[in-house]
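Engineer: Input: one structure, supplied below.
Values in this text are rule-based calculations from the coordinates and carry no lab data. Since the structure is predicted, the reported quantities are computational estimates derived from the model, not experimental observations. Note that each Cβ is placed from the backbone with ideal geometry, even for glycine, and that neighbours are counted across all protein chains shown.
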Amino acid sequence: MDLEGKVAVVTGGASGIGRAMAARFAADGMQVVIADVEAEALAATAAELGVAGIVVDVADASSVDALAAEVIDRFGAVHLLCNNAGVGGGGPIVEQTLHDWRWVIDVNLWGTIHVVECFVPAMIR
């Protein structure tokens with residue numbers, strides 16, 4: 001598949017697997033947008049990879065909606081979407097607070113839903 005010039009969006013793109021995917025997509029000639037809640041890491045990764053970086057909190061539907069609008073406005077389409085943002089509570093399960101659980105569910109479940117709802121309809125038109 002020829003990916004040259006296609007547009008990829010990677011949530012959780014400032015580090016880890018998201019960063020690695022973004023690097024590969026950029027190396028394949030794609031126009032890449034990485035989205036992450038960690039502004040400093042996002043800026044550093046975007047500069048290093050030569051890609052666009054947009055600060056987004058996937059747990060916030062309006063933040064994801066703004067991301068989708070900006071990407072479509074700037075690039076016209078999204079051809080590849082990596083719904084990669086995710087978090088873990090860390091530490092023993094008995095030490096997790098309700099706040100920790102809500103954070104994990106908001107990012108890992110609702111974040112995934114927000115990204116699907118904001119991007120996929122435009123991708124299948």
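Engineer: Can you give the FRET efficiency to the nearest 0.05 for Ala66 and Glu95, using r as the Cβ-Cβ distance and R₀ = 22 Å?
Structural biologist: The calculated FRET efficiency here is 0.05.
Engineer: Right, another one. Putting +1 on Lys and Arg Cβ atoms and -1 on Asp and Glu Cβ atoms, find which of Ala23, Val107, Asn83 reaches farthest to the positive end of the dipole of region 7-124.
Structural biologist: The residue sitting farthest along the positive end of the dipole is Ala23.
Engineer: Met1 versus Arg102, label points 7 Å from Cα toward the beta carbon: distance in nm?
Structural biologist: Using points 7 Å along Cα→Cβ, the separation is 3.8 nm.
Engineer: Here's another thing I want to ask about it. Determine which residues of region 12-39 fall in the zone a paramagnetic label at Leu80 would reach in this model, i.e. backbone nitrogen under 16 Å from the point 7 Å along Cα→Cβ.
Structural biologist: Under cut-off, by backbone N: 12-14, 17-35.
Engineer: On to the next question. Just flag the GluC sites (Glu not before Pro) in region 38-82 sitting in loop per DSSP whose Cβ has no more than 14 other Cβ atoms within 10 Å.
Structural biologist: Glu38
Engineer: Considering the values [x] 14.2, 45; [y] 14.7, 48; [z] 15.0, 51, which represents Rg and Dmax of the Cα atoms in Å as calculated for the structure under consideration?
Structural biologist: The value computed from this structure is option [y].
Engineer: Which of Leu3, Leu98 comes first, and how do the rest follow, when ranked by fewest Cβ neighbours within 10 Å?
Structural biologist: Listing Leu3, Leu98 from fewest to most nearby Cβ atoms yields Leu98, Leu3.
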